[in-house]
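The structure appears below as structure tokens.
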Amino acid sequence: MLAIFKNGLVNPPKELNSPFSFNACERPKGREETLKDFLASHPINGFSIGFLDKALLAYAPPQSALVPHQRLFCGVNDIYCIFLGSLNNLSNLNKQYGLSKGGNEAMFVIEAYRTLRDRGPIPAHKVLQDLEGSFGFVIYDHKTGTVFVALGADKALNLLFWGIADDGSLMISDNVDLIKASCKKSFAPFPAGCMYHSERGLMSYEHPMNKMKAMPRIDSEGVMCGANFTIDTFSKVNSIPRVGSEANWATWGQQA
């Protein structure tokens, strides 16, 4: 999977940006080249969706039954989700949200997001804490221009990677080679047990009252390569999104 979001639509952590990216010998690939590479690696079933010049999503289902984790894509009412992995308690979650038994994980995540966006009964981190299994997902709400990303705490799932491309765009993929080609040194694994929202930024859904801190990453060449993000156990946030109609995933950045 591949997701690209224009600079300005999202504001990723500045620590992701390595000053050594521009010193790379090879020219970084642009978004069109990166998309072409993705589709070339999935010539039969790969596809992409563009949203003007704001966002781009590319997806391909697993090509082999031997792939350990499923990949799903779903779009409902201008909300799009790419989901990796599986939820062990999906049946109970579908029942809780009034969805059909046959609904998959991507459909559930969209419905949970839409419920929080429109009604906001509980904070987003509480919803994520209720998800059992190995999972990662990217949501793009074209109506509100909102980006939401989360990766479960279960380390069994292959990592998601995120990085800042040469034009300032944010790229997210489970294919590190795609990220490296476009972002050079300005990338890192997406932190497990965390969520990123285009308004509020990065936070731990496991420990929502703690701030995140960036730890410089050094690659095999001894060069600073983006940053790993971990929980700062000694630093607390001032507040978290409130319970109520205003505490939703679309506007929570206004409540920090």
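The values are calculated or read from the model by the stated rules, or taken from the named source; none is laboratory data. What you see is a predicted model; the values in this text were computed from it and never measured. With ideal geometry, Cβ positions are generated from the backbone for all residues, glycine too; neighbour counts draw on all protein chains shown. In case anyone asks, the SASA skips ligands and DNA or RNA and just uses the protein heavy atoms, side chains included. Shrake-Rupley method; radii C 1.70, N 1.55, O 1.52, S 1.80 Å.
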(request) Specify which residue in the list Gln96, Ile139, Gly168 is farthest towards the positive end of the charge dipole of the stretch 88-183, using unit charges on the beta carbon of Lys, Arg (+1) and Asp, Glu (-1), about the Cα centre. (result) Gln96
(request) Give me the distance in nm between label points sitting 7 Å out from Cα along the Cα-to-Cβ direction at Thr144 and Lys95, one decimal. (result) 2.9 nm
(message) To make sure I understand the rule: partners must be lysines, Cα under 19 Å from the Cα of Lys95, and not fewer than 8 residues away in the same chain. Which ones qualify?
(response) Lys126
(message) Apply the a/c threshold of 1.5 to the C-alpha gyration tensor of the stretch 78-129 and tell me whether it is rounded, prolate or oblate.
(response) rounded
(message) Projecting each Cα onto the charge dipole of the chain (Lys/Arg +1, Asp/Glu -1 at the beta carbon, about the Cα centre), which of Ile231, Pro216, Phe5 comes out farthest on the positive side?
(response) Ile231
(request) Compute, for Glu26, the solvent-accessible surface of its heavy atoms (probe 1.4 Å) with the complete set of protein chains present, and express it in square angstrom to the nearest 10. (result) 130 Å²
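Rolling a 1.4 angstrom probe over the protein heavy atoms, how many square angstrom per residue are accessible across the stretch 76-156?
On the way: 3300 Å² over 81 residues.
Averaged over the residues of the stretch 76-156, the accessible area is 41 Å².
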(request) Extending each Cα 7 Å along its Cβ direction at Glu26 and Val223, get the distance between those two points in nm, one decimal. (result) 1.1 nm
(request) Report the relative contact order of the chain, percent, no decimals, based on alpha-carbon pairs under 8 angstrom and at least 6 residues apart. (result) 24 percent
(request) Grab the Cα-Cα distance for Gln129 and Asp154, subtract it from 0.36 nm times how many residues apart they are, and report the gain in nm with one decimal. (result) 7.8 nm
(message) Checking the cross-link filter: which aspartates and glutamates have an alpha carbon closer than 18 Å to that of Lys6, excluding same-chain neighbours under 8 positions apart?
(response) Glu15, Glu32, Glu33, Asp53, Asp78, Asp141, Asp166, Asp167, Glu199
(message) Ordering His207, His42 by accessible area with a probe of 1.4 Å, largest first, what comes out?
(response) His207, His42
(message) Give me the one-decimal nm value for the distance between modelled label points at Leu39 and Asn77, 7 Å along each residue's Cα-to-Cβ direction.
(response) 3.1 nm
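Calculate the dipole size of the chain relative to its Cα centre from +1 charges on Lys and Arg beta carbons and -1 charges on Asp and Glu beta carbons; express the result in debye to the nearest 20.
380 debye
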(request) Indicate the gyration tensor shape class of the chain (rounded, prolate or oblate), computed on the Cα atoms with a ≥ b ≥ c the square roots of the eigenvalues: a/c under 1.5 is rounded; otherwise a/b larger than b/c is prolate and the rest oblate. (result) oblate
(message) What is the percent carbon and sulfur in the accessible area of the stretch 40-124, measuring with a 1.4 Å probe over the protein chains and ignoring ligands?
(response) 53 percent
(message) Is there a quick way to get the dipole size of the stretch 1-147? I mean about its Cα centre, with the Cβ of Lys and Arg at +1 and of Asp and Glu at -1; what is the value in debye to the nearest 20?
(response) 200 debye
(request) State the answer as a single residue: which of Gln129, Pro19, Leu159 lies farthest towards the positive end of the charge dipole of the chain, with beta carbon charges of +1 for Lys and Arg and -1 for Asp and Glu, about the Cα centre. (result) Gln129
(message) Given 20 °C and 1.002 mPa s, compute D for the stretch 103-221 with the Stokes-Einstein relation, Rh being the Kirkwood radius over Cα pairs; round to the nearest whole µm²/s.
(response) 139 µm²/s
(message) Quick check on the stretch 1-139: what does the Kirkwood estimate of hydrodynamic radius come out to from the alpha carbon pairs, in Å?
(response) 17.2 Å
